[in-house]
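Colleague: Have a look at this one.
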């Protein structure tokens, strides 16, 4: 069975902090397969501007494109184009990371839990969390942002779906098929973020009929 060979995956760890096998367990969601995931997302980019519209939004909110950037839950690396500076994409799915290396050879990717970066002493100006938080329970979000406060120096950008309006039937159906089990009402997600970082701006988003928010903030250091 092929293993991920990145630096962090080569270190000793318990099985809860890293996933290193490339064969998905039986019953895992089909989109855990990197080929299917990347193909699906590129179709959404062609049809709806899944990535380009979000990158334009990030630019409008102050992302210059030269900052050192940590991309948490980077998937197959499509947001690696947001910066010409240092970029590190981190994801727990080794198939995604291997695909990211293949299609974005000039960028750095790690198959790792982001909390393990603290011990490396690395820091980044900007952190991206796009479509990440609705996969995490609240207590994990608090721990994640405590870790990011030790790694990030300037800005955090969060884009995530929220509970859909009752009238948005198609949006509600799409969200019901999402792998994330923690899609929250806007007020609940904002409350979590306000407790985890210094919130600067909040913008409502709507993409593919899915309602969401884009939140910018500063790391909150203890």
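The values are calculated or read from the model by the stated rules, or taken from the named source; none is laboratory data. Since the structure is predicted, the reported quantities are computational estimates derived from the model, not experimental observations. Using ideal geometry, Cβ is built from the backbone for each residue, glycine included, and neighbour counts are taken over all protein chains shown.
Colleague: Of all residues in the range 114-142, which are closer than 27 Å to residue 213 by Cβ and in a loop (DSSP other than H, G, I, E, B)?
Modeller: Answer for the range 114-142, where residues must be closer than 27 Å to residue 213 by Cβ and in a loop (DSSP other than H, G, I, E, B): 123, 131, 132, 136, 137.
Colleague: Go through the range 193-205 and give me each residue that's part of a helix (DSSP H, G or I), surrounded by fewer than 16 Cβ atoms within 10 Å (Cβ to Cβ) and in contact with a helix residue (DSSP H, G or I) (Cβ under 8 Å, 6 or more places away or on another chain).
Modeller: If the condition is that a residue be part of a helix (DSSP H, G or I), surrounded by fewer than 16 Cβ atoms within 10 Å (Cβ to Cβ) and in contact with a helix residue (DSSP H, G or I) (Cβ under 8 Å, 6 or more places away or on another chain), then 195 is the only one that fits.
Colleague: Given the range 32-113, what strands (runs of 3 or more DSSP E) lie entirely inside it while holding 2 or more residues that are surrounded by 19 or more Cβ atoms within 10 Å (Cβ to Cβ) and without any contact (Cβ under 8 Å) to a residue 60 or more places away in the chain?
Modeller: Details: elements: 69-72, 87-91, 108-111.
Here the list reads 69-72, 87-91.
Colleague: Out of the residues in the range 206-218 that are assigned to a strand (DSSP E or B) and modelled with pLDDT under 95, state the one that is nearest to residue 166 (Cα to Cα).
Modeller: 210
Colleague: Identify, by number, the condition in (1) surrounded by fewer than 16 Cβ atoms within 10 Å (Cβ to Cβ); (2) under 26 Å from residue 178 (Cβ atoms); (3) in contact (Cβ under 8 Å) with a residue 60 or more places away in the chain that residue 126 doesn't meet.
Modeller: (1)
Colleague: Quick test for you: out of 209, 190, pick the one residue that is surrounded by fewer than 16 Cβ atoms within 10 Å (Cβ to Cβ) and over 18 Å from residue 74 (Cβ atoms).
Modeller: 209
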